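Colleague: Below: one structure in structure tokens.
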Amino acid sequence: MSDLQPETLNNPPAAGLSAVTAASETPLAAASKSKNGKKTRPTRSARWNLIPYVLFFVVWEIFSQLNGSLKLFNPLFLPAPSLLLSDGWALAKTGIIVDSLVASSIRIAFGFAIGTFAAILLAVLMSKFQQLERWVSPILSLVSPIPALALLPLFIIWFGIGEFPKVLLIAWTTFVPVLVNTLEGFKSVPSTLIRSALSLGASQRQVFTRVMIPSAVPNLLIGAQISLGLSFSALIVAEMMGADSGLGYIIVDARNYFKISNMFVAIILIGIEYSLFHGLLKLLERRVLAWRRGGMREAVEKG
């Protein structure tokens, strides 16, 4: 590999440096500045985003209270959020909620990380070695349509009901979408970018690390966001079929003893936990893809 780099890469113009500096700002810092460079208060978008959640629970509360009076159906089937709050607090005092949140978070974090890492590694190898892609692609087309949940009984038979089959199922659920989207990202790199980098004297390694990988990152993050929802589904089903902790276990235990309010508490906690993980992914996306923020309008203004 040649270590020579184009002079334009070693000595970028001042405009390029300013663009890189501007792109490296965090979203919060960028939001706190106005067009004249003065710091302003953060936007109200985060505050407005809370309104749908509040309205959802308010409508739920009103409907549950009306159902309790009109008896449209059994009020036990849809408890009011105020009742869920009191029952959830009573359940939290037993310690089961904290233990379940910790157990589910550890499983999803390990499984998601393992699946993502394996998918990225295989995608890189397949993009560099066409022979490997010819062998793996047919196998991938064969196994990718199989629902990951169909593999859970086999995983339990093979590996028991411990932590390993749960993490493995989450990793497999994460693996396929990330791999497919990352490969698509590598294949969709414009050939003009590759030719331009080669004409400037970039080596094959530099083309791959500085052109192809950055171009594939948006697709990788899309695959990660798709995988996150599927991974939570795999997590809950795995905990429902064989676990003594976790949010899925709370649902099964509540079903066995007909504690519908506990089931709703666990369901809401699943939604909250997913929202937190999804928020972390979106934050990572804003940091990694900060150069895309602003689009044409910001580029024209700075130009």
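Every read-out reported here was derived from the displayed coordinates using simple, explicitly stated rules and does not represent laboratory data. Bear in mind the structure is a predicted one, so any value in this text is a computation, not a measurement. Glycine gets a Cβ as well: all are built from the backbone with ideal geometry, and neighbour counts include every protein chain shown.
Colleague: Looking at (1) buried (at least 21 other Cβ atoms within 10 Å of the Cβ); (2) closer than 24 Å to Phe110 by Cβ; (3) among the hydrophobic types (A, V, I, L, M, F, W, C), can you tell me which one Ala202 breaks?
Modeller: Failing condition for Ala202: (2).
Colleague: Out of curiosity, is Leu154 surrounded by fewer than 14 Cβ atoms within 10 Å (Cβ to Cβ) and either in contact (Cβ under 8 Å) with a residue 12 or more places away in the chain or closer than 30 Å to Ser188 by Cα (or both)? Give the steps one after another, and end with the answer.
Modeller: On the way: surrounded by fewer than 14 Cβ atoms within 10 Å (Cβ to Cβ): yes; either in contact (Cβ under 8 Å) with a residue 12 or more places away in the chain or closer than 30 Å to Ser188 by Cα (or both): no.
For Leu154, the condition - surrounded by fewer than 14 Cβ atoms within 10 Å (Cβ to Cβ) and either in contact (Cβ under 8 Å) with a residue 12 or more places away in the chain or closer than 30 Å to Ser188 by Cα (or both) - is not met.
Colleague: Go through (1) part of a helix (DSSP H, G or I); (2) within 22 Å of Ser233 (Cα to Cα); (3) out of contact with any Leu (no Cβ under 8 Å at 6 or more places or on another chain) and name the single condition Gly111 misses.
Modeller: Status for Gly111: all satisfied but (3).
Colleague: Still on this model: Can you pull out the residues in segment 114-153 that are more than 30 Å from Gln204 (Cα to Cα) and not in a helix (DSSP H, G or I)?
Modeller: Scanning segment 114-153 gives Ser144, Pro145, Ile146, Pro147.
Colleague: Spot the failing condition for Ser82; the list is (1) under 30 Å from Ala216 (Cβ atoms); (2) assigned to a helix (DSSP H, G or I), and only one is missed.
Modeller: Of everything listed in (1) under 30 Å from Ala216 (Cβ atoms); (2) assigned to a helix (DSSP H, G or I), Ser82 misses just condition (1).
Colleague: Which members of segment 129-151 meet the condition of being surrounded by 12 or more Cβ atoms within 10 Å (Cβ to Cβ) and among the charged types (D, E, K, R)?
Modeller: Selection gives Glu133 alone.
Colleague: With the condition being within 22 Å of Val102 (Cα to Cα) and either within 25 Å of the chain's Cα centre (by Cα) or without any contact (Cβ under 8 Å) to a residue 40 or more places away in the chain (or both), I'd like the helices (runs of 4 or more DSSP H) fully within segment 180-271 carrying at least 3 qualifying residues.
Modeller: Output list reads 213-241, 247-256.
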